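Written out below as structure tokens is the structure these notes cover.
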Amino acid sequence: RKAKDMTCRTCGGLMEDRITDLPFKVAESSIVIVKGLPVIQCPNCSEYLLTDAVMAHVEEILESADKTAELEVVRYAA
């Protein structure tokens with residue numbers, strides 16, 4: 001699924017394919033930041049979507065994360 005012709009469900013802006021860094025909370029006091037993540041994002045309000053394939057890969061990354069670390073930074077690699 002590509003951003004082409006997709007409108008933001010929050011503000012109605014046109015969504016764009018972008019690369020960004022996002023935090024994910026994986027335990028009570030543990031956060032994983034995934035860098036270089038391909039998203040579909042609204043340039044107006046920053047609302048974003050992940051495709052199913054990207055989310056599946058993010059889930060694999062998060063499952064292998066060190067849940068005892070307060071903060072872990074992982075690069076997304078397709």
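The values are calculated or read from the model by the stated rules, or taken from the named source; none is laboratory data. Since the model is a prediction, treat every value here as computed from it, not as a measurement. Counting neighbours? That spans all protein chains shown, and the Cβs are built from the backbone with ideal geometry, glycine included.
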Is there a residue in region 67-77 that is of a type outside the set (Val, Ile, Thr), in a loop (DSSP other than H, G, I, E, B), touching a strand residue (DSSP E or B) at 6+ places or on another chain (Cβ under 9 Å) and exposed (fewer than 11 other Cβ atoms within 10 Å of the Cβ)? yes
Please specify each residue of region 1-52 satisfying the condition of being modelled with pLDDT of 95 or more, closer than 17 Å to Ala65 by Cβ and loosely packed, with under 12 Cβ neighbours inside 10 Å. Pro23, Lys25
For region 36-66 the number of residues that are more than 12 Å from Thr20 (Cβ to Cβ) and assigned to a helix (DSSP H, G or I) is 11
Can you name every residue in region 15-54 that is touching a residue at least 12 places away in the same chain (Cβ under 8 Å), farther than 17 Å from Tyr76 by Cβ and out of contact with any Leu (no Cβ under 9 Å at 6 or more places or on another chain)? Glu16, Ala27, Ser29, Cys45, Glu47
